[in-house]
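What follows is one structure encoded as structure tokens, with my remarks underneath.
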Amino acid sequence: MSSYSVHLASPSEYEEAITLRIHIFVDIQKFPLDKEIDEYDPLAQHFVITHKERAHKVVGLLQVYTAGENAKIGQVAVSPEYQGQGLGKRLLEHLEMQLQQDAAFKQCKEAKLGSQYDKCVFYEKCGFVAHGDIYDELGCLHIWMYKPINHTMI
């Protein structure tokens, strides 16, 4: 039996996820705090991965919302002490299943994310394909990555 659970965040888990996001993106990666919570947060579904043996501590997260024909994924992060265990991949696999089954994403043909350029190999291993030019976001190089959503897998 797995020590981890991937699911839609409860209100308290969402707050814990925000704290983890700030730690990773602001404290560690030095992105500005005022850019961390944005207008998309209230629109998004927030998924977390929790450690069952550590009082269900949130150790990873991502958010997703509809943007036209895309399911826009953002804020994918795993706590540094839990990285390298396949948890980010597990989060994305769970999300893919949700995108295939959730009526809110029925019109979405692709999952889309803006990957930090140095992280794109991870997303490629998860089935995403880079497309377009590298761009700068807040002083960090990014690239758009896409993965088709197969709604027939329900």
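The values are calculated or read from the model by the stated rules, or taken from the named source; none is laboratory data. Here the structure is a predicted model, which is why all the values come from computation and not from measurement. Accessible surface areas use protein heavy atoms only, side chains included; no ligands, DNA or RNA. Shrake-Rupley method; radii C 1.70, N 1.55, O 1.52, S 1.80 Å.
Expressed as a whole percentage, what fraction of the accessible surface of the chain belongs to carbon and sulfur atoms when a 1.4 Å probe is rolled over the protein heavy atoms?
On the way: 4640 of 8470 Å².
Of the solvent-accessible surface of the chain, carbon and sulfur hold 55 percent.
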(request) Name the long-range amide H neighbours of Ala9: under 5 Å, sequence gap of 5 or more, or other chain; modelled H, no Pro or chain starts. (result) His46, Phe47, Val48
(message) Just to confirm, what accessible area per residue do you get for region 15-154 at 1.4 Å probe, in whole Å²?
(response) 54
(message) Over the Cα atoms of the chain, each weighted equally, I'd like the Debye log10 I(q)/I(0) at q = 0.14 Å⁻¹, rounded to two decimals.
(response) -0.68
(request) Can you quote the Å³ per residue value for the convex hull of the Cα atoms in region 72-134, rounded to an integer? (result) 96
(request) Sticking to Cα atoms, compute the Rg of region 26-80 to one decimal and its Dmax as the biggest Cα-Cα distance, whole number, in Å. (result) 13.0, 39
